[in-house]
Amino acid sequence: MRALVRSSDNPIITAMEVPTMPPDIDDPSAVFNPGAVRWGGRYLLMLRVQTRGRRTHLVMAESPNGREFTVWNEAVHIPGLEDFGEQIFHVYDPRITAIGDECLVMFAADTVDGCRLGTARTRDFRQFELVGLGDHPDIRNGVIFPSRLGDRYLRLDRPNRELSPGEPASGDAIVLSESTDLVEWHPLGVVMRGRPRYWDERIGAGPPPIRTRQGWLLVYHGVATHFGSVGIYQAGVALLDLEDPVRLLGRSRDNVLEPREMYELVGQVPNVVFPSGMIVEEYDAEGFATEESAVRVYYGAADTSVCMATGTVGGLLAAVHGR
Ligand code: BMA
């Protein structure tokens, strides 16, 4: 049985639905890799919009039902990013975590010294406050857990390093880190590594993990790099210990979503499904996602459009154990 089933409306958002926002956004090339959250009774996505100049903008979209989205007509502005003292070329791949009465957005920021992970906070997705830009030399795929452990925030991240000579730096380990101020992060240990020669040789967290009674449910992406073509980006699932999330409890043997449809196989970067947002419909009174609950996973397809796949928490948990 498939743990995730594509929406028949895919792709649910294409570049054609992004309104013109002069002077920066006009007839953009692509929209993909969205962060997702249910907030204020609405489903919200933070889209990565790419223009013909290959410049990146973040733009919100909203929906009453998680399927039909309207893209806002103003781009996200995070004050303070422009005078950071170091040129930021792109801000992209935002992951959204609702925690307490606010949302934290963790985003990748490309600089001349590599990729950094920045954090912004918001309550309405109109006004943002920059919390900080971490100073790890090269890191990506940062996702903040939706609850704290005492006074510590937890996140999963993916340090980059040169894995093959001449190729862009990438990563093969998901690391658990902690912070009290969301600016300085300290690594606690490696949660999981890539599996050479299989579907997930290089890996990175997808959306922020979901709290279930069995553990933290994580959707992650894996890249198979051992083919002659470009890497194949797929999605899989893992389960981390609730009290000690550096402890991996299980991990799907196979992927649960891989490029198969034309909109995933062909585009700006072919052969990519990149899960970045996930919304769980139902939590019990103690804040655990119920196994019956529907799940919506939002993903970028071929770095070109936004797609959705659905399943249940129980179905994803079963896939962790390869059942
Ligand atoms: C990764 C990131 C993602 C992108 C993917 C496929 O390294 O840059 O933003 O979607 O590659 O190009």
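A DSSP coil position with no more than 16 other Cβ atoms inside 10 Å describes the following trypsin sites (Lys or Arg not before Pro) in the stretch 246-301: Arg247, Arg253, Arg260.
If r is the Cβ-Cβ distance from Gln87 to Leu149 and R0 is 30 Å, what FRET efficiency results, to the nearest 0.05?
Working: r = 35 Å, r/R0 = 1.18.
E(calc), rounded to 0.05, equals 0.25.
Counting only other residues whose beta carbon sits under 14 Å from that of Arg260, what net charge do I get with K and R as +1, D and E as -1?
On the way: positive: Arg2, Arg6; negative: Asp254, Glu258, Glu261, Glu264.
That sum, taken over residues with Cβ under 14 Å, equals -2.
Across the alpha-carbon set of the stretch 176-301, the Rg to Rh ratio works out to 1.00, Rh being the Kirkwood radius. In this structure the amide hydrogen of Gly114, modeled in the peptide plane, comes within under 5 Å of no amide hydrogen from residues 5 or more places off or on another chain.
Each of Ile139, Leu156, Val112 was placed along the dipole of the stretch 82-216 (beta-carbon charges, centred on the mean Cα), and the one lying farthest toward the positive end is Leu156.
With n ≥ 4 as the cut-off for DSSP H runs, can you work out [θ] at 222 nm for the chain, using -39500 (n - 2.57) per run divided by the number of residues, rounded to the nearest 500? Don't jump to the answer; show the numbers that get you there.
Numbers: 2 runs with 12 residues, N = 323.
Helix-only estimate at 222 nm: -1000 deg cm²/dmol.
Among the trypsin sites (Lys or Arg not before Pro) in the stretch 155-203, which ones are in a DSSP loop with at most 10 other Cβ atoms within 10 Å of the Cβ? Mind listing them? Before the final figure, lay out each step's value.
Numbers: sites: Arg155, Arg161, Arg193, Arg197, Arg202; in loops: Arg197.
Those that pass, being in a loop and sparsely packed, are Arg197.
Of all the accessible heavy-atom surface of the chain, with the other protein chains kept in place and a 1.4 Å probe, what percent is carbon and sulfur?
Of all accessible area on the chain, carbon and sulfur atoms account for 48 percent.
Within 10 Å, at most 13 other Cβ atoms, and a DSSP state outside H, G, I, E, B define an exposed site. Report the longest part of the chain free of exposed chymotrypsin sites (Phe, Trp or Tyr not before Pro). Longest gap between qualifying sites, sites excluded: 1-197. Proximity of backbone amide H atoms, modeled 1.01 Å from N, is registered between Ala36 and Met46, Ile96, Met278 at under 5 Å, excluding neighbours fewer than 5 places apart on the same chain. Phi angles across the stretch 178-191 convert, under the Karplus curve 6.51 cos²θ - 1.76 cosθ + 1.60 with θ = phi - 60°, into 3J(HN,Hα) values of 10, 7, 9, 10, 6, 10, 9, 10, 10, x, 9, x, 7, 7 Hz, Gly and Pro given as x.
Rounded to 0.05, the FRET efficiency of the Arg193 and Asp254 pair, given R0 = 30 Å and the Cβ-Cβ distance, is 0.95.
Considering only protein heavy atoms, what per residue accessible area in square angstrom results for the stretch 5-320 with a 1.4 angstrom probe? Please list the in-between numbers first.
Details: 13200 Å² over 316 residues.
It amounts to 42 Å² per residue over the stretch 5-320.
In the stretch 5-320, what percentage of the DSSP-assigned beta bridges are antiparallel, given to the nearest 5? Of all bridge pairs located within the stretch 5-320, approximately 100 percent are antiparallel.
Please give me the summed charge of the neighbours of Ala302: other residues whose Cβ is under 10 Å from its Cβ, Lys and Arg +1, Asp and Glu -1.
-3
Each 5 Å bin from zero up to the one holding the largest Cα-Cα distance in the stretch 1-143 carries the following percent of pairs: 2, 10, 19, 22, 20, 15, 8, 3, 1, 0, 0. The distance separating the Cα centre of the stretch 185-217 from that of the stretch 258-320 comes to 15 Å.
Charges at C-beta only: +1 for Lys and Arg, -1 for Asp and Glu. How large is the resulting dipole of the chain about its Cα centre, in Debye rounded to 20? Can you show the working numbers first?
On the way: 32 positive and 44 negative charges, 187 e Å.
Taking the Cα centre of the chain as origin, the dipole is about 900 debye.
Rounded to whole numbers, the Karplus 3J(HN,Hα) couplings from phi for the stretch 194-204 are x, 9, x, 6, 10, 6, 10, 5, 10, 9, x Hz, using 6.51 cos²θ - 1.76 cosθ + 1.60 with θ = phi - 60°, and x at Gly and Pro.
Computed on the Cα trace of the chain, the radius of gyration divided by the Kirkwood hydrodynamic radius gives Rg/Rh = 0.93.
The values are calculated or read from the model by the stated rules, or taken from the named source; none is laboratory data. The shown structure was predicted, so the numbers you read here are calculated from the model rather than taken from an experiment. We place every Cβ from the backbone using ideal geometry, glycine too, and count neighbours over all the protein chains shown. With ligands, DNA and RNA removed, areas are computed over all heavy atoms of the protein, side chains included. Shrake-Rupley method; radii C 1.70, N 1.55, O 1.52, S 1.80 Å.
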